[in-house]
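Everything below concerns the one structure shown next.
The values are calculated or read from the model by the stated rules, or taken from the named source; none is laboratory data. Since the structure is predicted, the reported quantities are computational estimates derived from the model, not experimental observations. Cβ sites come from the backbone with ideal geometry, for glycine too, and all protein chains shown count toward neighbours.
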Amino acid sequence: MALPLSGITVLDLTHVLAGPFCTMTLADMGADVIKVERPGAGDDTRAFPPFKDGKSAYFATINHGKKSIALDLRGSEDRAIFDALLERADLIVENYRPGVMERLGYGWDDLHARFPRLIYGAVSGFGHSGPDAKRPAYDMVVQARGGVMSITGEKDREPVRVGASIGDIVAGMFLAQGLLAALYDREKTGKGRKIDVAMLDSQLAILEHAVALTSVTGKAPGPSGARHPSITPFETFHASDGLFVIAAGNDKLFEKLCITLELPLSGDARFATNPARCENARLLKRLIEAVTLDNTRAYWIAKLTAAGIPTGPIQSVDQAMKDPQLLARNMVVDVLDKNGRAAYKAAGNPIKMSDAPDPVTRPQAPDLDGNRGEILRWLAQSTTEV
């Protein structure tokens, strides 16, 4: 079976992470992604370490399976090539600051008038409207301004950035969702739409409990370490050889936990409901750890799992990449080099779709301008066919 986006052509003018993450998702679902890069330098991440055989692993793991052509959109010859690509494209995706594409003559209004079926996706720090639309941003800026850093870390300690670049990645995910919705809409209307996603907007959108707590109580939550601020017990606990996690997210699971740990707490008014447990979270943690400290993490994870209680180890990245469940789900794949040899490890596609292939390898990431000849021949063939 073909992948669902087979036959869809994406012009990818994005760089670094938010936009490339979006177009990687589209490529994984079968879209033909043509990466339009700056002549000479290309995507900034081509210069990001770590390197293998002189090539960036960072770039390779986000841009595998794409094609590259280097175009200077200020030059007449390259603009002619780009215009020909626009004639054939279904989507154009960019992550410049607002106004850049307009100055080049390729903003939404210009393109929609010329190519009414073309779908335009834009991801930027602050979006294409509002007083700060033209300000620059990176992941850490939007994590800080969007509220995420204020609830990340330990209580009474300095705020910390989330370890993964969720400012970029979440925005890329939202952009992919918007583009897919626009493709569906185009089937009904025949017209393209503009999708405008801001990294800052995307950070607020993922603060589900923090927004709810603030709106009801009038008080913004602070960092709570590994503990969930609205569910108890839902955090890390010490065993004799280190930390592991327990997530007893409802009264039934808490009762099972008490039975498994042989703790006579389920009838105690201080712990009878989730709100009561949240009020007495520190005391409950001490009572649980008085038991869990008597044995190892592996012992408790096995015992709690057998009882149906959500639990697990705290794994390093290398351990997660060897996790049997993740491997069974094909979530660690090989990115090939130009000779078809495995060159890098990358995360697989978490979207598992029936009757769609989910290969254990990904095609190579493109060399800068490495597909120019192939793309120009495709354009010439397309022109001849028309």
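Does PRO223 satisfy the criteria of being assigned by TED's automatic domain parsing to the domain that holds ARG297 and closer than 30 Å to GLN143 by Cβ?
No; evaluated as a whole, the condition is false for this residue.
Give the residue that is nearest to SER68 (Cα to Cα), with candidates limited to residues of region 13-33 that are in contact with a helix residue (DSSP H, G or I) (Cβ under 6 Å, 6 or more places away or on another chain) and hydrophobic (A, V, I, L, M, F, W, C).
VAL33
If only one of LEU180, LEU175 is touching a strand residue (DSSP E or B) at 6+ places or on another chain (Cβ under 6 Å) and either surrounded by fewer than 20 Cβ atoms within 10 Å (Cβ to Cβ) or not in a loop (DSSP other than H, G, I, E, B) (or both), which one is it?
The conditions single out LEU175.
Return the residue satisfying two criteria in turn: it lies in region 172-188 and is touching a residue at least 60 places away in the same chain (Cβ under 8 Å) and in contact with a helix residue (DSSP H, G or I) (Cβ under 6 Å, 6 or more places away or on another chain), and of such residues it is farthest from HIS128 (Cα to Cα). Even if it seems obvious, please write down each step before you answer.
Here is the first cut: in region 172-188, the ones touching a residue at least 60 places away in the same chain (Cβ under 8 Å) are 172-173, 175-176, 179, 182-183, 186.
Checking which are in contact with a helix residue (DSSP H, G or I) (Cβ under 6 Å, 6 or more places away or on another chain) leaves us with 172, 175-176.
On the way: GLY172: 16, LEU175: 14, ALA176: 17 Å.
Checked region 172-188; the qualifying residue farthest from HIS128 (Cα to Cα) is ALA176.
Quick check: is even one residue across region 360-383 out of contact with any Pro (no Cβ under 6 Å at 6 or more places or on another chain) and farther than 30 Å from ILE81 by Cα?
For region 360-383, residues out of contact with any Pro (no Cβ under 6 Å at 6 or more places or on another chain) and farther than 30 Å from ILE81 by Cα: present.
Does LEU284 satisfy being assigned by TED's automatic domain parsing to the domain that holds LEU261, touching a strand residue (DSSP E or B) at 6+ places or on another chain (Cβ under 9 Å) and either without any contact (Cβ under 8 Å) to a residue 24 or more places away in the chain or of a type outside the set (S, T, N, Q) (or both)? Explain how you work it out, then say what you get.
Details: assigned by TED's automatic domain parsing to the domain that holds LEU261: yes; touching a strand residue (DSSP E or B) at 6+ places or on another chain (Cβ under 9 Å): no; either without any contact (Cβ under 8 Å) to a residue 24 or more places away in the chain or of a type outside the set (S, T, N, Q) (or both): yes.
Taking the combined requirement at face value, the residue does not satisfy it.
Counting only residues that are closer than 16 Å to PHE82 by Cα and in a loop (DSSP other than H, G, I, E, B), which one in region 21-41 is farthest from the chain's Cα centre (by Cα)?
Result: PRO39.
Restricting attention to region 38-57, does a residue exist that is farther than 20 Å from ARG114 by Cα, buried (at least 23 other Cβ atoms within 10 Å of the Cβ) and among the hydrophobic types (A, V, I, L, M, F, W, C)?
no
For the subset of region 183-197 comprising residues that are closer than 30 Å to ARG145 by Cα and over 14 Å from the mean Cα position of the chain (by Cα), which member is surrounded by the most Cβ atoms within 10 Å (Cβ to Cβ)?
Checking each candidate, the answer is ILE195.
Between a residue in region 30-53 that is within 22 Å of VAL10 (Cβ to Cβ) and in the same structural domain as GLY121 (by TED's automatic domain parsing) and any residue that is among the charged types (D, E, K, R) and in a loop (DSSP other than H, G, I, E, B), which pairs come within a Cβ distance under 6 Å, given they are 6 or more apart or on different chains?
From region 30-53, the pairs are VAL33/LYS66; LYS35/LYS66; GLU37/ASP43; PRO39/ASP72.
For every residue, the table says whether it meets (1) assigned to a helix (DSSP H, G or I); (2) closer than 24 Å to ARG377 by Cα; (3) of a type in the set (Lys, Arg).
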| residue | (1), (2), (3) |
| --- | --- |
| ILE62 | yes, no, no |
| GLY65 | no, yes, no |
| GLU77 | yes, yes, no |
| ILE81 | yes, yes, no |
| VAL93 | no, yes, no |
| PRO116 | no, no, no |
| TYR120 | no, no, no |
| GLY127 | no, no, no |
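Does region 228-248 include one or more residues that are farther than 29 Å from LEU284 by Cα and not in a strand (DSSP E or B)?
Taking every residue of region 228-248 in turn, none turns out to be farther than 29 Å from LEU284 by Cα and not in a strand (DSSP E or B).
So how many residues does region 95-117 have that are surrounded by 20 or more Cβ atoms within 10 Å (Cβ to Cβ) and in contact with a helix residue (DSSP H, G or I) (Cβ under 6 Å, 6 or more places away or on another chain)?
1
Please go through (1) touching a Gly at 6+ places or on another chain (Cβ under 9 Å); (2) of a type in the set (D, E, K, R); (3) assigned by TED's automatic domain parsing to the domain that holds LEU257 for GLU279 and return the number of the only condition it doesn't satisfy.
(1)
Please report, ordered by residue number, the helices (runs of 4 or more DSSP H) entirely within region 271-379 with at least 2 residues that are more than 21 Å from the chain's Cα centre (by Cα) and surrounded by 12 or more Cβ atoms within 10 Å (Cβ to Cβ).
Here the list reads 274-279, 281-292, 297-306.
Matching residues to (1) free of Cβ contacts under 8 Å to residues at least 60 places away in the same chain; (2) of a type in the set (Lys, Arg); (3) more than 30 Å from ASN95 (Cα to Cα):
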residue	(1), (2), (3)
LYS194	no, yes, no
ILE206	yes, no, no
ALA212	yes, no, yes
SER215	yes, no, yes
ALA226	yes, no, yes
ILE231	yes, no, yes
ALA247	no, no, yes
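Scan region 138-156 for residues that are assigned to a loop (DSSP other than H, G, I, E, B), surrounded by 15 or more Cβ atoms within 10 Å (Cβ to Cβ) and over 17 Å from the mean Cα position of the chain (by Cα) and jot them down.
Matches in region 138-156: GLY147, THR152, GLY153.
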